[in-house]
Amino acid sequence: MTKNILFIAAYPTVDKQKEGMFQRIKAIDAEFEAYNRTYLSISPVSHRSKTEEIIGNVRIVYVNWFIHFVFISKMIKSADYIYVHSLYNFKFLIGASLKGKNITLDLHGSVPEELEFYGEKLKSLFYNEVERVAYKHVTNLIAVSYAMVDYYRKKRKLNERIKCVVKPIYPINSISESKTDDVDSLKKSLNINDSNVVFVYSGNLQKWQNFELMIQCIRAMNNPNYRFIIMTQEEERANEIVSKLPNSDSVVVKSVLPKDLNLYYSIAHYGFILRDDIVLNRVAAPTKLIEYLSYGLTPIVKTINIGDSVKMGYEYISYNEDLNGLSAKKSDKNEEVAAAVLRLSAENNIPQILFSPL
């Protein structure tokens, strides 16, 4: 039987694939490669004329929410399965007839809480209402962590008819085995030897990353065997901050391509991930954390409650402990935790879940 699969999302074309949301859309889409499917790309401002394009067995329809709402409603009515990427897109379904439809909502994250964190209170209230409506109609809920499922079970008092699935997705280009020659070459170029204890940070300088707190930690870490590698796209600004450290000679700032991250993780022992203890982090599944764990790094944390990490038994060190006596060792336990998370991602095949009997 041919399935009429409708995605409510912009299709992840090549020019969009560097963006976080589209990386997840692309990863999910890869599991549907064998199926004919339609992407309904809806905008409240653009696409004043309805247009279509075909890419392989994918039909992409560009429409305006207000101008083409009758068409959107007809597409929803005729679909056998509807897959909505994020609450940001679910709002486009409000007003259409959703009764009895098989609707999958991929949360991507906790949208109302994220907007509130960034001070967007009115938008947060709006998406809380979208969320309330969504949970009246959703059949399948896709989350990035068990912690996210637990949070929404409590927040929205989910009933048993909603099938909750955990599907973390991570880029494989930063989680792969490094060649020994490449690792040795990198260590030589950075003047790092086997007695050095290596700390890394991967990310930019946003406030929520607590970059300044990490700099305070590095300032207090005066062990002569320590080496720090800061990998960021904000290289110039980071160098300016690092230059003021008394131990700046032990710190290297680099802009590293995703395909090369594995080399740096291979030579490291510890990784900074200083997230605050808020809902956004408690339900998250940060790529950075799983990358650290995959290479046996021990995270240096501000809160231990990041996604499912505590439940899975990861090893960590608090940032406010004495960090001057750490040794150059990897964590076998963290490699096991990461492997279990990656298996979960691979085993939960979304089409199989979506097309199973209600």
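The values are calculated or read from the model by the stated rules, or taken from the named source; none is laboratory data. Predicted model, so just to flag it, every value in this text is computed and none were measured. Here Cβ is always computed from backbone atoms with ideal geometry, including for glycine, and neighbour counts include all displayed protein chains. Heavy atoms of the whole protein, side chains included, go into the accessibility calculation; ligands, DNA and RNA do not. Shrake-Rupley method; radii C 1.70, N 1.55, O 1.52, S 1.80 Å.
A search for C-beta distances below 7 Å between a residue of the stretch 341-356 that is open to solvent by 30 Å² or more (accessible area, probe 1.4 Å) and any residue that is assigned to a helix (DSSP H, G or I), counting only pairs 6+ apart in sequence or on different chains, returns nothing. Filtered by the rule that a residue be basic (Lys, Arg) and part of a strand (DSSP E or B), the stretch 216-238 gives a lone residue, Arg227. Scanning the stretch 158-172 for residues that are modelled with pLDDT under 90 and part of a loop (DSSP other than H, G, I, E, B) gives Leu158, Asn159, Glu160, Arg161, Pro168, Ile169, Tyr170, Pro171.
Right, Lys99: outside any helix (DSSP H, G or I), on the phi < 0 side of the Ramachandran plot and open to solvent by 60 Å² or more (accessible area, probe 1.4 Å) or not? For Lys99, the condition - outside any helix (DSSP H, G or I), on the phi < 0 side of the Ramachandran plot and open to solvent by 60 Å² or more (accessible area, probe 1.4 Å) - is met.
Asn89 falls short on exactly one of the conditions (1) of a type outside the set (Ser, Thr, Tyr); (2) in contact (Cβ under 8 Å) with a residue 60 or more places away in the chain; (3) open to solvent by less than 10 Å² (accessible area, probe 1.4 Å), and that condition is (3). Considering the stretch 176-210, the residues that are of a type in the set (D, E, K, R) and over 22 Å from the mean Cα position of the chain (by Cα) include one that is farthest from Gln233 (Cα to Cα), namely Asp194. Exactly one residue out of Ile82, Ile72, Ile67 is assigned to a helix (DSSP H, G or I), touching a residue at least 12 places away in the same chain (Cβ under 8 Å), more than 30 Å from Gln206 (Cβ to Cβ) and out of contact with any Asp or Glu (no Cβ under 6 Å at 6 or more places or on another chain), and it is Ile72. For the stretch 226-246, filtering for residues that are open to solvent by 70 Å² or more (accessible area, probe 1.4 Å) and either more than 30 Å from the chain's Cα centre (by Cα) or at positive phi (or both) leaves 3.
If we keep just the residues of the stretch 310-334 that are of a type in the set (D, E, K, R) and surrounded by fewer than 15 Cβ atoms within 10 Å (Cβ to Cβ), which is nearest to the chain's Cα centre (by Cα)? Step by step, filter the stretch 310-334, then rank; the result is Lys311. For the stretch 324-336, the count of residues that are assigned to a helix (DSSP H, G or I) and in contact with an Asp or Glu (Cβ under 8 Å, 6 or more places away or on another chain) is at least one.
Please determine whether any residue of the stretch 287-295 is surrounded by fewer than 16 Cβ atoms within 10 Å (Cβ to Cβ) and either small (Gly, Ala, Ser) or modelled with pLDDT of 95 or more (or both). No, the stretch 287-295 has no match at all. Where residues in the stretch 268-320 are among the small types (Gly, Ala, Ser) and out of contact with any helix residue (DSSP H, G or I) (no Cβ under 6 Å at 6 or more places or on another chain), which of them is nearest to Lys187 (Cα to Cα)? Filtering the stretch 268-320 for residues that are among the small types (Gly, Ala, Ser) and out of contact with any helix residue (DSSP H, G or I) (no Cβ under 6 Å at 6 or more places or on another chain), the one nearest to Lys187 (Cα to Cα) comes out as Ala268. Taking the stretch 130-148 as the range and being under 15 Å from Ser345 (Cβ atoms), open to solvent by less than 10 Å² (accessible area, probe 1.4 Å) and part of a helix (DSSP H, G or I) as the test, only Met148 passes.
A single member of Asp249, Asp277 is loosely packed, with under 15 Cβ neighbours inside 10 Å, of a type outside the set (Gly, Ala, Ser), without any contact (Cβ under 8 Å) to a residue 40 or more places away in the chain and not in a helix (DSSP H, G or I), and it is Asp277.
For Ser110, the conditions (1) over 23 Å from Asn349 (Cβ atoms); (2) modelled with pLDDT of 95 or more; (3) surrounded by 18 or more Cβ atoms within 10 Å (Cβ to Cβ) are fulfilled apart from (2).
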